[in-house]
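S.K.: Supplied in structure tokens, the structure appears directly below.
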Amino acid sequence: MELTDVQWGLLKPLVEPRTPGRRRGRPWRDTRQVLEGVLWILRTGAQWAELPQDKFPPYQTCHRRFQRWVREGTLVKVLRALAEDLLARGQLDLAETFIDASFSGAKKGAVRLVQHAAAKGPRSWQLRTAVVFLSPWGLQALRLMKFGSSSPPSNSVLPRCFPDA
């Protein structure tokens, strides 16, 4: 989605930096291209690294500016201005809106494959520790250890990948 000149005219005062043009460091990339890159990411749902390099500035630049705009509340103003512009031009139908635009498709038989959270069992550290000690290797290591002694375990218990121990 490329911004039209009318849309850019509405958004330019919102996103242009308010500092003078002379600053230290690298010159800023074109704000319009950065905004179009951010809007591309928001529209496609792609990861930042997937931003096409031939059409937009580097994804790091777009992501940094996106974070700044979110932190300052600028992105909400931009999206509101775009929605009002589309509504004024009759290209936005409020009868067809989504609260959450995430969709997930289900495969056939997915209900049978999904375990409920209670059926998966507890996920505590005690259970994981017990599973380690109740495994065949844990039981073998416990049998070889001498209980009540402060001496280190014998060499037969140590793995063979540590021959110096």
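S.K.: Within the stretch 32-73, how many residues turn out to be among the β-branched types (Val, Ile, Thr) and crowded, with 17+ Cβ neighbours inside 10 Å?
M.R.: Taking the stretch 32-73 and keeping what is among the β-branched types (Val, Ile, Thr), we get 34, 38, 41, 44, 61, 70.
Still in the running and crowded, with 17+ Cβ neighbours inside 10 Å: 34, 38, 41, 61.
Residues meeting the conditions: 4.
S.K.: Quick one: residue 70 ticks every box in (1) on the phi > 0 side of the Ramachandran plot; (2) within 17 Å of the chain's Cα centre (by Cα) except a single one, so which number is it?
M.R.: It is condition (1) that residue 70 fails.
S.K.: Okay, next question. Looking only at helices (runs of 4 or more DSSP H) that lie completely in the stretch 1-79, which have at least 3 residues being touching a residue at least 12 places away in the same chain (Cβ under 8 Å) and closer than 20 Å to residue 89 by Cβ?
M.R.: Details: elements: 5-15, 31-44, 59-72.
Here the list reads 5-15, 31-44.
Here, each number is a calculation from the coordinates, and none is a lab measurement. Values in this document were obtained by computation on a predicted structure and should not be read as measured data. All Cβ positions, even for glycine, are placed from backbone atoms using ideal geometry, and neighbour counts span all protein chains on display.
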